[in-house]
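Some notes on the structure that comes next.
The values are calculated or read from the model by the stated rules, or taken from the named source; none is laboratory data. Everything quoted here is computed from the prediction, not taken from an experiment. Here the Cβ positions follow ideal geometry from the backbone for every residue, glycine too, while neighbour counts run over all protein chains shown.
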């Protein structure tokens, strides 16, 4: 009995240590992004890329919601489902930051080298995706415990498809995650048009499927990497 308790404690401590290390690494990545952006603002004397800070904050929010959902998934079903829903609603903001590369065409500066602007946006995009993948791993762990491996993967595919569609809604139709509460009628009208008339909106489905594939492939690689790392202990 004591051995089982010891193993359980070691498992919990190991899990907490991994979470602490992961959060520390993400914190360093975030600080690096902010330093790059700060240097650009000082060097160019312009705040053209300041929106990246807001977008990165939105990319962090799903990890917070996922952490709360995991904390309550065995303690309080109501709170668990509430924050699980909020996570699903805000998760597309994490991979969405990749679309900020489109601003290179508009905000490119003659003062700042082009490659530096690519580095700034790329750093924010990679960090945002990592925050998203961490939150997706947390939710994946919960669904695996609750429903098993098959339904866990089915849910991951569903999340990827839904998020790809969400990224399209955000980038091209300029909808935000909170608009489901602020302007639900207009939002659902746009969604309904594209679902009931798919052939009239080919761009919607091409972009949604491409981002869904990106999310799913990134998740598989992310999970495999950490699985290999834990197995090899390096």
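Between 116, 85, which is part of a helix (DSSP H, G or I), out of contact with any helix residue (DSSP H, G or I) (no Cβ under 6 Å at 6 or more places or on another chain) and at pLDDT below 95?
Unique residue meeting the criteria: 116.
All but one of (1) exposed (fewer than 13 other Cβ atoms within 10 Å of the Cβ); (2) at pLDDT 95 or above hold for residue 34; which doesn't?
Every listed condition holds for residue 34 apart from (1).
Being over 18 Å from the mean Cα position of the chain (by Cα), surrounded by 19 or more Cβ atoms within 10 Å (Cβ to Cβ) and either under 25 Å from residue 154 (Cβ atoms) or free of Cβ contacts under 8 Å to residues at least 60 places away in the same chain (or both), is that true of even one residue in segment 99-114?
no
Return the total of residues in segment 42-76 being in a helix (DSSP H, G or I) and either under 15 Å from the mean Cα position of the chain (by Cα) or under 16 Å from residue 100 (Cβ atoms) (or both).
Number of matching residues: 17.
When you scan segment 87-96, do you find a residue that is farther than 17 Å from residue 34 by Cα and more than 21 Å from the chain's Cα centre (by Cα), even just one?
no
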